[in-house]
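Rule-based calculations on the coordinates, nothing more; no lab input. Because the structure is a prediction, the values reported are computed rather than measured. Positions of Cβ are generated from backbone atoms using ideal geometry, with glycine treated the same way; all protein chains shown enter the neighbour counts.
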Amino acid sequence: MPLGEEMTLHSFRSARSAHIIIGLAAALAIGLASPAIAQQSPAGTALARVLVLGTGGTIAGQANARAGNAYDSGKVSAANLIAAIPGIDRLAQISADQISSIGSQDMNDKVWFDLVKRIRTAIDNKEVDGIVITHGTDTMEETAFFLQNVLDTDMPVVLVGSMRPSTAIGADGPANLYEAMRVASAPESRGRGVLVVLNDTIHAARWVQKTNTTSVETFRSPGAGPVGYVDTGSLRFLQPAALVKAAQLKLPDAPPLPRVDIIYSHANMDAAEVEDAVKRGAKGIVLAGVGDGNSSKGAIDALAAAAKQGVVVVRSTRVGSGYVNRNVEVEDDKLGFAVSLDLNPQKARVLLELLIANGVTESSAVQQAFAR
Ligand code: ASP
């Protein structure tokens, strides 16, 4: 069955029946008459139950006729992606739900809330032992960090994507998805928070960052490094699972989260962007500052005025690695700012949205939450 052809595999609530359906789909995809449906590992132990939640992205992308390398994100369902990977059903009993079918440049609060709802249901019903989320790479780090802050579970939650669409020569999606399944189904992945798997490498949500527009080796964790490595035959974590849990922040009953804007600092900058954000109704502003989170006098003065009016201001950096420390070049204590420490602007924005939604707006309380 061609990858782009939609099968009627949408919502599987029962891990076992979904596994059977995916086993059959896999057989169809690779041309077998009757699939071998593995309920046990080669060692004779029961296979872990893993729920795959599809959101879209290049991993589900399909070539289009616009140009040689053109494609559309999010065209292939998660169930069909799994069905095309020979042997993946020997790693886990797999079920799949489609949460959205979008390029992650369009990722939004609604999809985030739907993901959390579905994952919490799976946890509460003890349906599964692990979760894999297929996702575009552009905003994967933001979704991973969002989930890290709101999910209260030891269960492996693993985001996976690809840099090449499913129809490309040398598509990286199948190997990435196979490896994500290996991570999500492994007991040693428990208690490690939300993870990202791409290109044989495992990263933690707090540090992972997309660093290259096209390379399959795009994800890195500046300042921390990956937490482990995985390939089709092995899985290795570099450290024991950490005992410290992420701050568990409550989600409001429904989206949207409070508005937080990112202002990108640059040479010859005035106050206009900051003032515009305040006029638009931003409840928080993250500065993607130059260097150690700095900006022009005009922009810093405008940020100080915004903070005085109750807008929560967090200084981060556009540099891509390193800490933003308090009171070095900018007088944070005096101006009422918090700093993002090791969080890049896009992750600082996610945390600030959640903090404001939880009523945490006073700058020292915000600062404490960033330090966790
Ligand atoms: N634009 C795509 C997305 O984030 C890129 C990718 O998945 O690699 O959905």
Next on the checklist: Between 0 and 90 degrees, rounded to the nearest ten: what's the tilt of helix 345-357 against the longest Cα principal axis of the chain?
Outcome noted: 80 degrees
Item to check | Angle in degrees between helix 109-124 and the longest Cα principal axis of the chain, rounded to the nearest 10 | outcome: 50 degrees
Checklist entry - Taking +1 at the Cβ of each Lys and Arg and -1 at the Cβ of each Asp and Glu, which of I202, A83, Q309 sits farthest along the dipole of the chain towards its positive end, judged by Cα position relative to the Cα centre? => result A83
Item to check | Cα long-axis angle, helix 140-150 against the chain (0 to 90 degrees, to the nearest 10) | outcome: 80 degrees
Checklist entry - Of the residues E275, E353, E329, which exhibits the maximal mean-square fluctuation in a Gaussian network model of the chain defined by a 10 Å Cα contact cut-off? => result E329
Checklist entry - Between segment 63-103 and segment 136-200, what is the C-alpha centre distance in whole Å? => result 14 Å
Next on the checklist: Please compare each pair in K75/K283; K210/K308; K110/K279; K110/K283; K126/K283 to a cut-off of 29 Å on the Cα-Cα distance and tell me which ones are over it.
Outcome noted: K75/K283; K210/K308; K126/K283
Checklist outcome for this item: Simple spin-label estimate for A241/D333, 7 Å along Cα→Cβ, in nm, reads 4.1 nm
Next on the checklist: Please report the net charge: other residues with Cβ closer than 9 Å to the Cβ of V260, K and R +1, D and E -1.
Outcome noted: +1
Checklist entry - How far, in nm, would the chain grow between T213 and A365 when pulled straight, counting 0.36 nm per residue and subtracting the alpha carbon separation? => result 51.1 nm
Item to check | Distance histogram for segment 245-372 (every C-alpha pair counted, 5 angstrom bins, percent rounded to whole numbers) | outcome: 2, 12, 24, 26, 21, 10, 4, 1, 0
Item to check | Cα-centred dipole magnitude for segment 220-372, charges only on beta-carbon of K, R (+1) and D, E (-1), debye, nearest 20 | outcome: 400 debye
Next on the checklist: Tell me whether the chain comes out rounded, prolate or oblate; compute the Cα gyration tensor, take square roots of the eigenvalues as a ≥ b ≥ c, and use a/c under 1.5 as the rounded threshold.
Outcome noted: prolate
